[in-house]
Amino acid sequence: MKLVVNNTLKPFVNNPELYNPFLEEIVSRINKVHKRLEQISEVEEMYRAQGEIRTLRAMLRLRDDIKGS
């Protein structure tokens, strides 16, 4: 299954016209969550925001993950 997904995503990660705006959106979302994280007072919400950032950072590594496999 992983090989099929990787082959399907290769055209996306190799196309700068599509992939660069995707990266910009991910970075923008990380920045928004960081700002929200600074204002959170509840522990559970803090954990959720940290998890969201972790997931977004994993999406930033998409190209490396696809090309590496």
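The values are calculated or read from the model by the stated rules, or taken from the named source; none is laboratory data. Computed from a predicted model, the values in this text were never measured in an experiment. Cβ sites come from the backbone with ideal geometry, for glycine too, and all protein chains shown count toward neighbours. We work out accessible area using only protein heavy atoms, side chains counted, and drop any ligands, DNA or RNA first. Shrake-Rupley method; radii C 1.70, N 1.55, O 1.52, S 1.80 Å.
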### Task
List every residue pair whose Cβ atoms lie under 6 Å apart, where the two residues are 6 or more positions apart in sequence or sit on different chains, the first residue falls within region 46-69 and is closer than 11 Å to ASN6 by Cβ and open to solvent by less than 70 Å² (accessible area, probe 1.4 Å), and the second residue, located anywhere, is outside any helix (DSSP H, G or I) and hydroxyl-bearing (Ser, Thr, Tyr).
none
### First in region 1-23 and on the phi > 0 side of the Ramachandran plot, second anywhere and open to solvent by 70 Å² or more (accessible area, probe 1.4 Å) and modelled with pLDDT of 90 or more, Cβ under 7 Å, 6 or more apart
none
### Residue satisfying all of: in region 24-45; in contact (Cβ under 8 Å) with a residue 12 or more places away in the chain and open to solvent by less than 80 Å² (accessible area, probe 1.4 Å); farthest from LYS67 (Cα to Cα) among these
LEU37
